[in-house]
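The structure appears below as structure tokens.
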Amino acid sequence: MINTIILKLYGDESDNEKLKQGARALKEGKLVVFPTETVYGLGANGLDAQAAHKIYEAKGRPSDNPLILHISNKEQLLPLVSNIPSLAQKLMEKFWPGPLTMIFEKSSIVPKEVTGGLDTVAIRMPSHPIACRLIEESKLPIAAPSANLSGKPSPTKAEHVKKDLMGRVDIIIEGEHSDIGLESTIVDVTGDIPVILRPGGITLEDITEVVGSVEVDKGIIGDLDKEYIPKAPGMKYTHYAPNAPMTMVLGSGEKVVKKIKDLTKTYIENNKRVGILTTNENIEKYNQGVILSVGKRDKPETIAMNLFDCLRQFDEKEVDIILAEGVEDKGIGMAIFNRMNKAAGHQIIRV
Ligand code: TXA
Ligand code: MG
């Protein structure tokens with residue numbers, strides 16, 4: 001057990017002492033959790049193989065699942081990659097800092113322990129002020145997966161991190177709720193056409209606008225291809241999963257509500273505790289079960305922000321089964337759908 005130190009930085013990015021303490025710990029090879037605009041990250045020195053090893057241990061993460069390196073300016077990118085393709089240049093001009101991770105050919109200074117043995121490396125420049133200041137102070141690329149135990153939903157609040165990682169990391173920097181709430185979009189820029197390996201806050205539509213043609217890795221589209229192995233190693237694991245089995249119900253509004261109400265009634269008759277994941281527009285229509293609204297349908301970014309927190313709340317409320325209203329697979333909806341689908345282990349009912 002490690003004696004975890006909590007450093008609170010709510011709205012006070014100017015607290016130099018705390019940031020310096022975090023940066024020092026990183027330079028000493030320690031583990032430091034910090035907030036980002038997507039989800040909280042579990043950081044370590046990205047050029048130190050042993051520090052990377054500690055990340056895998058703390059999360060219980062399979063070591064073939066590579067980490068993302070976080071940088072705070074473009075100069076930091078050069079030494080980490082063997083070349084910067086022109087389409088990457090365009091994407092970083094438009095979307096960095098922000099929730100976009102790109103896959104490059106790696107340089108020799110990036111340890112294989114960080115890339116899970118691959119010759120490529122994932123790099124992202126976060127926009128969150130605390131993340132940026134921590135990278136600047138430490139002068140390191142910070143390797144950081146999401147700061148959850150492997151298999152749990154990614155943490156969007158400090159309380160999620162504490163639940164999973166107290167005693168497993170050296171420092172937790174506690175900040176606000178992550179704005180975006182879903183992990184970054186991952187784009188492979190090593191080929192002629194960029195390929196989206198994981199949908200996120202930067203959408204397919206956003207990327208298409210900048211580079212023209214874009215592919216989406218087959219492993220993440222819809223629910224069709226259960227057999228296909230996704231190219232981002234992390235996308236193949238069961239992820240984001242609440243304890244209770246979840247089913248996503250897809251279709252037109254009223255039919256979805258009716259189906260969930262019918263199923264809820266039957267489950268309750270069989271003494272099951274049912275969790276219902278609904279939205280502000282529909283919440284009044286349900287009258288039994290543990291009902292949570294994840295956000296507003298007409299503002300899907302609110303759904304993205306709250307999804308992981310709701311999944312964790314269902315764990316706290318110890319439901320036996322979760323029925324979730326599906327979302328449309330467009331814009332940020334592609335990322336929301338992808339995470340819900342994974343949480344549901346591809347259990348979908350269409351009405
Ligand atoms: O928003 C985010 O990206 C957050 C915050 C903390 O920045 N980080 C995050 O990291 O989600 P993680 O480790 O939970 O997810 C990283 C994903 C995994 O699916 C991994 O397989 C993929 O990135 N990945 C990393 N390096 C890769 C590479 N060289 N090629 C393909 N996929 C890669
Ligand atoms: Mg993760």
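The values are calculated or read from the model by the stated rules, or taken from the named source; none is laboratory data. Owing to the predicted nature of the structure, the values given are computational and were not obtained by experimental measurement. All Cβ positions, even for glycine, are placed from backbone atoms using ideal geometry, and neighbour counts span all protein chains on display.
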- [ ] Filter region 242-259 down to residues that are exposed (fewer than 14 other Cβ atoms within 10 Å of the Cβ) and farther than 17 Å from Met340 by Cβ, then give me how many there are.
- [x] 3
Task: In region 102-118, the residues that are among the hydroxyl-bearing types (Ser, Thr, Tyr) and within 10 Å of ligand 1 (Cβ to nearest atom) - done: Thr115
Task: Odd one out for Val121, checked against (1) under 24 Å from Pro242 (Cα atoms); (2) near ligand 1 (Cβ under 10 Å from one of its atoms); (3) of a type in the set (Val, Ile, Thr) - done: (1)
Task: Spans of strands (runs of 3 or more DSSP E) in region 1-82 with at least 3 residues within 16 Å of ligand 2 (Cβ to nearest atom) - done: 41-45, 68-70
Open item on the list: Taking the condition of being over 28 Å from Lys299 (Cβ atoms) and out of contact with any Pro (no Cβ under 8 Å at 6 or more places or on another chain), how many residues in region 145-187 meet it?
Closed with: 12
Task: Leading residue by the ranking (nearest to ligand 2 (Cβ to nearest atom)) among those in region 232-254 that are at pLDDT below 75 and assigned to a loop (DSSP other than H, G, I, E, B) - done: His239
Task: Criterion violated by Gly219 - all others in (1) touching a helix residue (DSSP H, G or I) at 6+ places or on another chain (Cβ under 8 Å); (2) touching a residue at least 60 places away in the same chain (Cβ under 8 Å) satisfied - done: (2)
Open item on the list: Looking only at region 96-115, filter to residues that are under 15 Å from the mean Cα position of the chain (by Cα) and assigned to a loop (DSSP other than H, G, I, E, B); which one of those is nearest to ligand 2 (Cβ to nearest atom)?
Closed with: Pro99
Open item on the list: Looking at Ala44, Ala88, Ala25 in this structure, which one is within 22 Å of the chain's Cα centre (by Cα) and either surrounded by fewer than 24 Cβ atoms within 10 Å (Cβ to Cβ) or within 23 Å of Asp188 (Cβ to Cβ) (or both)?
Closed with: Ala88
TODO: Consider Asp262 carefully, then state whether it is surrounded by fewer than 16 Cβ atoms within 10 Å (Cβ to Cβ), on the phi < 0 side of the Ramachandran plot and among the acidic types (Asp, Glu).
DONE: yes
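When only residues in region 144-172 that are among the small types (Gly, Ala, Ser) and within 16 Å of ligand 2 (Cβ to nearest atom) count, which is modelled with the lowest pLDDT? Spell out the reasoning first.
Going residue by residue through region 144-172, those that are among the small types (Gly, Ala, Ser) are 144, 146-147, 150-151, 154, 158, 167.
Of the ones still in play, those that are also within 16 Å of ligand 2 (Cβ to nearest atom) are 144, 146-147, 150-151, 154.
Working: Ala144: 98, Ser146: 97, Ala147: 98, Ser150: 91, Gly151: 88, Ser154: 96.
Among them, the one singled out is Gly151.
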Task: Failed condition for Leu118, given (1) within 16 Å of ligand 2 (Cβ to nearest atom); (2) assigned to a loop (DSSP other than H, G, I, E, B) - done: (1)
- [ ] Determine if region 152-174 includes at least one residue that is touching a strand residue (DSSP E or B) at 6+ places or on another chain (Cβ under 7 Å), of a type in the set (Val, Ile, Thr) and surrounded by fewer than 24 Cβ atoms within 10 Å (Cβ to Cβ).
- [x] yes
Task: Tally, over region 38-82, of residues that are charged (D, E, K, R), within 13 Å of ligand 1 (Cβ to nearest atom) and out of contact with any strand residue (DSSP E or B) (no Cβ under 8 Å at 6 or more places or on another chain) - done: 2
Open item on the list: Regarding region 130-137, can at least one residue be identified that is touching a residue at least 60 places away in the same chain (Cβ under 8 Å) and within 26 Å of Phe337 (Cβ to Cβ)?
Closed with: no
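Being more than 14 Å from ligand 2 (Cβ to nearest atom), assigned to a helix (DSSP H, G or I) and not small (Gly, Ala, Ser) is true for just one of Leu91, Leu140. Which residue is that?
Exactly one of Leu91, Leu140 is more than 14 Å from ligand 2 (Cβ to nearest atom), assigned to a helix (DSSP H, G or I) and not small (Gly, Ala, Ser), namely Leu91.
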Task: From the options Ile303, Ile276, Ile291, residue that is part of a strand (DSSP E or B), under 27 Å from Ser184 (Cα atoms) and among the β-branched types (Val, Ile, Thr) - done: Ile276
